[in-house]
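Colleague: First the structure, then my questions, so here it is.
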Amino acid sequence: MKTRSKLSPVLSVLCASLAAADATSAWAAPVNQPPAALRGPIAEKAYDGSSDDLLTGGLGKTGLMGATPVFVNPAAPTPAELRRNAIYTNYRALVDYTALGGMGVFYGPNIDVNGNDTLGEGKIAGREFIAWADDGSGQQNVAMMVQIPDSFDTSKPCIVSATSSGSRGIYGAIATAGEWGLKHGCAVAYTDKGGGNGLFDPMSGTVIARDGTLTTAAAAGIESPFTPALTPEQLAAFNTALPNRVAYKHAHSQQNPEKDWGKNTLDAIRFAFYVLNERYGPVDPGNPGQHLVSLKPKNTVVVASSVSNGAGAALAAAEQDTEKLIDGVAVSEPNAQPNGVKSLSIRQGSQTVPLIGKPLAEYFTFADVYQPCALLAPGLSLNAAFWPTTYTDAATQRCAALAARGLVTGATTADQANDALAKLHAHGYTPEADFLHQSHFRFATNSIAMTYVNAAGRFSVADSVCGFSFANTDAAGKVAPQNTLLQAGLFSTGNGVPPTSGVNIVYNSSVGGGTLDFLAVSPTSGQADFALDGALCLRSLVTGKDPVTGAPLTGTLAAQSQRVKAGLNEVQRSAKLGKLPVIIVAGRNDALLPINHAARAYFGKTQLADAKGPNVRYIEVTNAQHFDGFIAYGALMGYDTRFIPLHVYFNRAMDAMYAKLTTGAALPPSQVVHTTPRASGSTALAAGNVPPISAAPGGDAITMDGSTLVIPD
């Protein structure tokens, strides 16, 4: 628990500075200095909490739950419009934004810190500061943002880190750690961790400026969020060979951004301390142009937080925090990749999990091969709302092509699909996640496999690894020029990793030329099988072996694989957190970041990593998965009667951590929380659906049995 001075930090420093008349006195507070990673200028803007605000972009709860706001001129939205719509899009992407699903009742801008509906529209006045974290070259340009609500209290200062989830832009954690922090009067430290909507259009040289407007890389210069390191000759050759393609920062920056997610999060926290002291620190008596440091780690509660990739970044930051900036961590569904779990095993109920703790690119490239066949397994009914018959045909061809290569067995498609599903289970995917394979392959798997292989190998867009590229496509799946209206609003609508806002994955090696991967015809099979040749290629770069023969790769593929493996090693985490209090929440049904490879494996590694006994808790929630935003689509997605919003438990974990740090309250024990989905889409989420985290879980307690993590059914 933080020790509080009887005087506020500001008053304490002022008294100390007055008592020490000269700057060399041992009692003088240090002068506030910008952190080393900060590259200015800092953009600062105040929001009145009425016409516009920090949390809702001026929309309030009603606006966030309503129709998409329109741009006055869609061809040239203003920075204010782009910011508003970015908040709208990112908020709704992270939570179930419907009243029946829990927004406005269990969470949302109107819900106060005690869980009551007292805040009206929930608009929050305050100031927003945005700057780059960069080495001075403009090649990194990681966006950082600090929001300071007017309710910030210097007598009980707090900071919450809110690193973006996924590959999202700077507002990518606004609905999760952002909302919790702002409503508790904390400064919120955001970073896009080197991803964001870093689009580069090679045909026009267009980039998306930090304020969301379109410009060109030439005009932006060092301020461009992302400009590929290509000579004019290389760029021209690429455009000739593959016209109308685009590059994305996460995939193509050649910096393997994930290796720096912890650093980015720590940089954002340092940025928060800097702007707080510039705003609240006393003026240096010897230099009226400078402020003294009054708010520092010793007197400020700092919680590292976020969800998904942002959660993984918070854990990485905690591992790397040599300055003791962070006091506690509370995260949900983390992308946490422990760097070795050979001595760990996981048992759920009476069953030992067959495979655990693999890197993200490893299990995504595996799923990219088998998931589209597995989703045809009997009992896993297809949802036609987002799955046309052409995709079912392609899935059938995928099964046949896998069988022809000896990668699945079975004389019928049903048998082949059952075998593919069994392989996913053997690879660590929980049976509870089976329903999700269709929607995840439709919207995420192939994109993430491609993005993370490219990122790990530090490949350029010009490398077109395994024959894949990004581009807009037409109704026939053929490459089309960029849609200028979609591009103009991409800062608001994009998520940093295609498919997004018209930009899709193209398989350049398709029979007949570059085609949308879902419609592409593989050269080997001669069939539309979701570009299996390309998927097997991506898989080979992770394993270093031919997926069919098992033979080691040679030539170009071997060299590319060595690069990918080196990049994967860079993002592995130690799980060494010392005595730092940590709460990790995850959904048992997560098919995006399967818990046997991510949350469970990381937590188990923490239990083995510190002989003194770590202060880490793991809360596993049944009937919960990765995409709360999909629950809002009701019958269209089929999530509403199967899953509860995990966001409820993220907030409860944050509450528990804050209580621990400010009052010394005990953390809840590690446990399974058994939930109950809604009976129908027309039934409102009720307290009985989402029972509290227990202080005494009894038979639901998660424990260690030697080196085995034991998870009750």
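Colleague: For the stretch 265-285, check the following and say yes or no: at least one residue is in contact with a Lys or Arg (Cβ under 8 Å, 6 or more places away or on another chain), closer than 30 Å to ALA336 by Cβ, not in a helix (DSSP H, G or I) and not acidic (Asp, Glu).
Modeller: no
Colleague: Also, I was wondering about something else. Taking ASN197, is it touching a strand residue (DSSP E or B) at 6+ places or on another chain (Cβ under 8 Å) and over 20 Å from LEU94 (Cα atoms)? Break it down stepwise before answering.
Modeller: Numbers: touching a strand residue (DSSP E or B) at 6+ places or on another chain (Cβ under 8 Å): yes; over 20 Å from LEU94 (Cα atoms): no.
No: the conditions fail for ASN197.
Colleague: Across the stretch 364-385, which residue is nearest to PHE530 (Cα to Cα) among those that are open to solvent by 10 Å² or more (accessible area, probe 1.4 Å) and touching a residue at least 60 places away in the same chain (Cβ under 8 Å)?
Modeller: At the first step, the residues of the stretch 364-385 found to be open to solvent by 10 Å² or more (accessible area, probe 1.4 Å) are 366, 370, 376, 378-385.
After this cut, where a residue has to be touching a residue at least 60 places away in the same chain (Cβ under 8 Å) as well, the list is 366, 383, 385.
Values: PHE366: 14, ASN383: 18, ALA385: 19 Å.
Top of the filtered list is PHE366.
Colleague: Confirm whether ILE124 is touching a strand residue (DSSP E or B) at 6+ places or on another chain (Cβ under 9 Å), in a loop (DSSP other than H, G, I, E, B) and crowded, with 18+ Cβ neighbours inside 10 Å. Write out each step before concluding.
Modeller: Details: touching a strand residue (DSSP E or B) at 6+ places or on another chain (Cβ under 9 Å): yes; in a loop (DSSP other than H, G, I, E, B): yes; crowded, with 18+ Cβ neighbours inside 10 Å: yes.
Yes: the conditions hold for ILE124.
Colleague: Within the stretch 332-350, does at least one residue satisfy the condition of being charged (D, E, K, R), open to solvent by less than 40 Å² (accessible area, probe 1.4 Å) and closer than 26 Å to ALA93 by Cα? Walk me through it before giving the result.
Modeller: To start, the set of residues in the stretch 332-350 that are charged (D, E, K, R) comprises 333, 342, 347.
If we keep only those that are open to solvent by less than 40 Å² (accessible area, probe 1.4 Å) as well, we get 333.
From what's left, closer than 26 Å to ALA93 by Cα: 333.
Looking through the stretch 332-350, at least one residue is charged (D, E, K, R), open to solvent by less than 40 Å² (accessible area, probe 1.4 Å) and closer than 26 Å to ALA93 by Cα.
Colleague: To continue, here is another question. So which of GLY194, GLY166, GLY198, GLY136 is open to solvent by 10 Å² or more (accessible area, probe 1.4 Å), farther than 30 Å from GLY115 by Cβ and small (Gly, Ala, Ser)? Spell out how you get there, then give the answer.
Modeller: On the way: GLY194 fails: open to solvent by 10 Å² or more (accessible area, probe 1.4 Å); GLY166 fails: farther than 30 Å from GLY115 by Cβ; GLY198 fails: open to solvent by 10 Å² or more (accessible area, probe 1.4 Å).
Exactly one residue qualifies, and that residue is GLY136.
Colleague: When you check VAL690 against the structure, is it of a type outside the set (D, E, K, R) and touching a strand residue (DSSP E or B) at 6+ places or on another chain (Cβ under 6 Å), yes or no?
Modeller: On the way: of a type outside the set (D, E, K, R): yes; touching a strand residue (DSSP E or B) at 6+ places or on another chain (Cβ under 6 Å): no.
Against the criterion (of a type outside the set (D, E, K, R) and touching a strand residue (DSSP E or B) at 6+ places or on another chain (Cβ under 6 Å)), VAL690 does not qualify.
Conditions (1) touching a His at 6+ places or on another chain (Cβ under 7 Å); (2) closer than 24 Å to GLN371 by Cβ, marked per residue:
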{"residue": "ILE505", "(1), (2)": "no, yes"}
{"residue": "ASP517", "(1), (2)": "no, yes"}
{"residue": "SER525", "(1), (2)": "no, yes"}
{"residue": "LEU541", "(1), (2)": "no, yes"}
{"residue": "THR549", "(1), (2)": "no, yes"}
{"residue": "ASN569", "(1), (2)": "no, no"}
{"residue": "ILE583", "(1), (2)": "no, no"}
{"residue": "ASP590", "(1), (2)": "yes, yes"}
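Colleague: Being hydrophobic (A, V, I, L, M, F, W, C) and outside any loop (DSSP other than H, G, I, E, B) is the filter here; which residues of the stretch 520-560 pass it?
Modeller: Filtering the stretch 520-560 down to residues hydrophobic (A, V, I, L, M, F, W, C) leaves 520-521, 528, 530-532, 535-538, 541-542, 548, 551, 553, 557-559.
Within the stretch 520-560, VAL521, ALA528, LEU532, ALA535, LEU536, CYS537, LEU538, LEU541, VAL542, LEU557, ALA558, ALA559 meet the criteria.
Colleague: Do you know which residues across the stretch 364-390 are among the aromatic types (Phe, Trp, Tyr), touching a Lys or Arg at 6+ places or on another chain (Cβ under 9 Å) and assigned to a helix (DSSP H, G or I)? It would help to see each step written out before you state the result.
Modeller: Filtering the stretch 364-390 down to residues among the aromatic types (Phe, Trp, Tyr) leaves 364, 366, 370, 386-387.
If we keep only those that are touching a Lys or Arg at 6+ places or on another chain (Cβ under 9 Å) too, we end up with 366, 370, 386-387.
Passing the criteria: PHE366, TYR370, PHE386.
Colleague: Then there is this: Could you list, in sequence order, the residues of the stretch 431-489 that are open to solvent by 30 Å² or more (accessible area, probe 1.4 Å), in a strand (DSSP E or B) and touching an Asp or Glu at 6+ places or on another chain (Cβ under 7 Å)?
Modeller: Of everything in the stretch 431-489, nothing turns out to be open to solvent by 30 Å² or more (accessible area, probe 1.4 Å), in a strand (DSSP E or B) and touching an Asp or Glu at 6+ places or on another chain (Cβ under 7 Å).
Colleague: Right, here's the next one. Does PHE106 meet the test of being touching a Gly at 6+ places or on another chain (Cβ under 8 Å), at pLDDT 95 or above and open to solvent by 10 Å² or more (accessible area, probe 1.4 Å)?
Modeller: On the way: touching a Gly at 6+ places or on another chain (Cβ under 8 Å): yes; at pLDDT 95 or above: yes; open to solvent by 10 Å² or more (accessible area, probe 1.4 Å): yes.
For PHE106, the condition - touching a Gly at 6+ places or on another chain (Cβ under 8 Å), at pLDDT 95 or above and open to solvent by 10 Å² or more (accessible area, probe 1.4 Å) - is met.
Colleague: Just checking: which of the strands (runs of 3 or more DSSP E) contained wholly in the stretch 288-360 hold 2 or more residues that are closer than 23 Å to TRP180 by Cα and in contact with a helix residue (DSSP H, G or I) (Cβ under 7 Å, 6 or more places away or on another chain)? Can you show your working first?
Modeller: Working: elements: 301-307, 328-332, 345-348.
Qualifying strands (runs of 3 or more DSSP E): 301-307, 328-332.
Colleague: Considering only the stretch 234-287, state which residues are among the small types (Gly, Ala, Ser) and buried (at least 18 other Cβ atoms within 10 Å of the Cβ). Break it down into steps so the answer makes sense when it comes.
Modeller: Of all residues in the stretch 234-287, those among the small types (Gly, Ala, Ser) come to 236-237, 241, 247, 251, 253, 262, 268, 272, 281, 286.
Matches in the stretch 234-287: ALA247, ALA251, SER253, GLY262, ALA268, ALA272, GLY281.
Colleague: While we're on this one: Go through the stretch 13-70 and count every residue that is modelled with pLDDT of 50 or more, open to solvent by less than 50 Å² (accessible area, probe 1.4 Å), of a type outside the set (Gly, Ala, Ser) and within 22 Å of TYR280 (Cβ to Cβ).
Modeller: Residues flagged as modelled with pLDDT of 50 or more, open to solvent by less than 50 Å² (accessible area, probe 1.4 Å), of a type outside the set (Gly, Ala, Ser) and within 22 Å of TYR280 (Cβ to Cβ) within the stretch 13-70 amount to 8.
Colleague: Looking for whichever is out of contact with any Lys or Arg (no Cβ under 7 Å at 6 or more places or on another chain), more than 20 Å from ALA471 (Cα to Cα) and open to solvent by less than 10 Å² (accessible area, probe 1.4 Å) here; the options are VAL207, VAL188. Which one fits? Full working, then the answer.
Modeller: On the way: VAL207 fails: more than 20 Å from ALA471 (Cα to Cα).
Of VAL207, VAL188, the one residue that is out of contact with any Lys or Arg (no Cβ under 7 Å at 6 or more places or on another chain), more than 20 Å from ALA471 (Cα to Cα) and open to solvent by less than 10 Å² (accessible area, probe 1.4 Å) is VAL188.
Colleague: Looking at ASP150, ASP112, which is the one that is surrounded by fewer than 22 Cβ atoms within 10 Å (Cβ to Cβ), touching a Leu at 6+ places or on another chain (Cβ under 6 Å) and modelled with pLDDT of 95 or more? Spell out the reasoning first.
Modeller: Values: ASP150 fails: touching a Leu at 6+ places or on another chain (Cβ under 6 Å).
Within the list ASP150, ASP112, the selection yields ASP112.
Colleague: Pairs only if they're at least six apart or on different chains, beta carbon under 9 angstrom, first in the stretch 414-434 and among the hydrophobic types (A, V, I, L, M, F, W, C), second at pLDDT below 95; list them, first residue then second.
Modeller: ALA417/LEU380; LEU421/LEU380
Colleague: If you don't mind, there's one more thing I want to ask. Tell me which residues, restricted to the stretch 393-413, are outside any loop (DSSP other than H, G, I, E, B), free of Cβ contacts under 8 Å to residues at least 40 places away in the same chain and open to solvent by less than 40 Å² (accessible area, probe 1.4 Å).
Modeller: Result: CYS399, ALA403.
Colleague: Also: Would you point out the residue of the stretch 490-512, among those that are closer than 24 Å to TYR391 by Cβ, touching a residue at least 12 places away in the same chain (Cβ under 8 Å) and of a type in the set (Gly, Ala, Ser), that is surrounded by the most Cβ atoms within 10 Å (Cβ to Cβ)? So that I can check it myself, show each step before the final result.
Modeller: Within the stretch 490-512, the first condition is being closer than 24 Å to TYR391 by Cβ, and the residues that meet it are 493-495, 497-512.
Narrowing further to those that are touching a residue at least 12 places away in the same chain (Cβ under 8 Å): 493-495, 497-499, 501-511.
Applying the additional criterion that residues be of a type in the set (Gly, Ala, Ser) yields 494, 501-502, 509-510.
Numbers: GLY494: 26, SER501: 20, GLY502: 19, SER509: 20, SER510: 23.
This residue is GLY494.
The values are calculated or read from the model by the stated rules, or taken from the named source; none is laboratory data. Just so it is clear, the structure is predicted and the values come from calculations on it, not from any experiment. Virtual Cβ from ideal backbone geometry, glycine too; neighbours counted across all protein chains shown. Side chains included, ligands, DNA and RNA excluded: accessible areas come from the protein's heavy atoms. Shrake-Rupley method; radii C 1.70, N 1.55, O 1.52, S 1.80 Å.
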